[in-house]
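See below for the structure under consideration.
The values are calculated or read from the model by the stated rules, or taken from the named source; none is laboratory data. No experiment lies behind these values; they were computed from the predicted model shown. Every residue, glycine among them, receives a Cβ derived from its backbone with ideal geometry; neighbour counts consider all protein chains shown. SASA here: full protein model, heavy atoms, side chains in, ligands and nucleic acids out. Shrake-Rupley method; radii C 1.70, N 1.55, O 1.52, S 1.80 Å.
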Amino acid sequence: MSEKLVSAEQVAKHNNAESCWVIVNGDIWDVTDFLPEHPGGSKIILKYAGKDATEEYEPIHPPGTLEDNLPKEKYIGKIDPATVKEVAVTETKQAVAQDPNALPPLDQCLNLYDFEVVAKKVLKPTAWAYYSSGADDEVTMRENSSAYGRIWFRPRILRDVSKVDFSTTLLGQKSSLPIYITATALGRLGHPDGEKNLTIAAGKEGVIQMIPTLASCSFEEIVGARVREDQVQFFQLYVNANRSITEKLVKKAEAAGVKGLFVTVDAPQLGRREKDMRMKFDDVGSRVQNDGKESVDRSQGAARAISSFIDPSLNWKDLEWLRKVTKMPIVLKGVQAWEDAVKAAELGLAGVVLSNHGGRQLDYARSGIEVLEEVVSALKQRGLFPNPKFEIFIDGGVRRASDVLKAVAMGATAVGIGRPFLYAYSAYGHAGVEHALQLLKAEMEMNMRLIGAPTLKDVVPEMVDTRALSAHINSVPHSHGEQVYERMATAIGPAKL
Ligand SMILES: Cc1cc2nc3c(=O)[nH]c(=O)nc-3n(C[C@H](O)[C@H](O)[C@H](O)COP(=O)(O)O)c2cc1C
């Protein structure tokens, strides 16, 4: 690549569909011919024509995207820094508040909900909309946490709980908690270090991180951010219609020491997340009338655009192919009915994640914790549970160690947590995620003492009363964060937020 310096004034002339140049990380690219092909539509690029697009581009494109998708001759050169003031910079706000004093001290976050309160204040609106949204009316998203409110404890007394041990193994890999950090896409929307924040915190706190296919850091960056040699990571897989691309990805993950492959099976099409969609409309200039020339449907925002490769024809037969491609244990992520869990166990897969994708896919899908009850019962009837070679994970709405213990009592090996960790690092970087995990550990210790369980083996089905679970009556207001305890804004005074 030539290192020719080009002035900002020169770049600014290429500001339309006939000639469109953009600056990304100091490099200037001619994207004119690429405009009709851009999966997110041409308008979003044209908004930055002749300007610096780095801030908008970076969080949603892994490094190397431009190099991989554009012919070399479309590289124009480097922006001349001496002229850079003349370049109109993006109007987008910084992801995180400029003034660190605007953030409450980390130790004022006393539980996972507090991170949500803070993140809502500091995230730019597009990032907040993408992270926090659920599908359609968000009924399933709210139900995910409400369902835990319908399970009550039956604690036991007079047991020696002077020492409490909540360490465990997931797919044979050690974890300090029966919790893992689940895969969430587009990590750099919330923080410049994106998913690496999760890697660092997971390593320090001894938990396992699931790396998403659609991470905004590259796979190599995430693996490279491990803080310990023996740090374990899993990989979440979206299967590409072009199987050779998926095969390469899976082999790369295995070669990098990834210890489990979680194939997402609940997203043949992305759900409609309307909060996100409205934002995206705004972002691409909804106030400007669509000129009718644009053929790409942008209505589902960046997420839809970058996930268009996901193969909706994926089916049970493809698992035979996948098993030939890798020796990693294969787990299906997004199972929602006992029939499919039984089928997965009978096929000899390593496990299932009972999940509705954090309420982002099918609205009125039941919560993972409710599905867990029927799955365990169906597996037991067939002599397939307990089975150390088939593990049941669940995710969605888990915010307290008490939720985790309810799931473990009902037969889950571990639970995945998504949004709270995103919120924690968006506001505080990896330190936020470490603090969140420490809070969960403190809650675990206390709750295990109070239910009379010194180890996870002592957390048994008799310790929970699940009679109301499938009643689908919201016995607890849908947002614990707003209703159940004093909100952080009140606790520290609104001025600081
Ligand atoms: C912002 C966001 C992005 C996500 N991206 C993915 C993804 O790329 N692949 C996937 O399998 N699941 C994805 N999920 C679903 C999570 O893995 C998980 O099922 C869900 O977040 C659990 O619910 P919780 O956020 O309430 O903890 C995403 C969830 C969120 C909130």
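A few notes on this one:
- Among the numbered conditions (1) within 16 Å of the ligand (Cβ to nearest atom); (2) buried (at least 20 other Cβ atoms within 10 Å of the Cβ); (3) more than 11 Å from the chain's Cα centre (by Cα), the only one that Ser218 does not meet is (2).
- Residue in the stretch 238-261 that is within 11 Å of the ligand (Cβ to nearest atom) and assigned to a helix (DSSP H, G or I) present: no
- Listed by first and then second residue, the pairs with beta-carbon distance under 8 Å, at least 6 apart or on different chains, first residue in the stretch 104-117 and part of a helix (DSSP H, G or I), second open to solvent by less than 20 Å² (accessible area, probe 1.4 Å) and among the hydroxyl-bearing types (Ser, Thr, Tyr), are Phe115/Tyr423; Glu116/Ser132; Glu116/Tyr423.
- Residue match in the stretch 170-180 (condition: open to solvent by 20 Å² or more (accessible area, probe 1.4 Å), within 16 Å of the ligand (Cβ to nearest atom) and not polar (S, T, N, Q)): no
- Count of the stretch 118-137 residues which are open to solvent by 30 Å² or more (accessible area, probe 1.4 Å) and not aromatic (Phe, Trp, Tyr): 5
- Condition met for Gly190 (in the same structural domain as Val258 (by TED's automatic domain parsing), within 28 Å of Ile60 (Cβ to Cβ), under 20 Å from the mean Cα position of the chain (by Cα) and touching a residue at least 12 places away in the same chain (Cβ under 8 Å)): yes
- Residues in the stretch 331-362 that are more than 14 Å from the ligand (Cβ to nearest atom), outside any helix (DSSP H, G or I) and under 25 Å from the mean Cα position of the chain (by Cα): Ala337, Leu349, Ala350, Gly351.
- Members of the stretch 355-375 that are open to solvent by 10 Å² or more (accessible area, probe 1.4 Å) and without any contact (Cβ under 8 Å) to a residue 60 or more places away in the chain: Glu374
- Failed item in (1) away from the ligand (no atom under 13 Å from the Cβ); (2) open to solvent by less than 30 Å² (accessible area, probe 1.4 Å), with Gly271 passing the rest: (1)
- Considering the stretch 144-166, the residues that are open to solvent by less than 60 Å² (accessible area, probe 1.4 Å) and part of a loop (DSSP other than H, G, I, E, B) include one that is nearest to the ligand (Cβ to nearest atom), namely Ile151.
- From Gly452, Gly432, residue being at positive phi and at pLDDT 95 or above: Gly452
- Restricting attention to the stretch 367-408, the residues being of a type in the set (D, E, K, R) and either outside the structural domain of Arg154 (by TED's automatic domain parsing) or within 14 Å of the ligand (Cβ to nearest atom) (or both) number 4.
- Residue match in the stretch 409-421 (condition: more than 13 Å from the ligand (Cβ to nearest atom) and farther than 18 Å from Thr169 by Cα): no
- Of residues in the stretch 23-43 being out of contact with any Leu (no Cβ under 9 Å at 6 or more places or on another chain) and at pLDDT 90 or above, the one surrounded by the fewest Cβ atoms within 10 Å (Cβ to Cβ): Thr32
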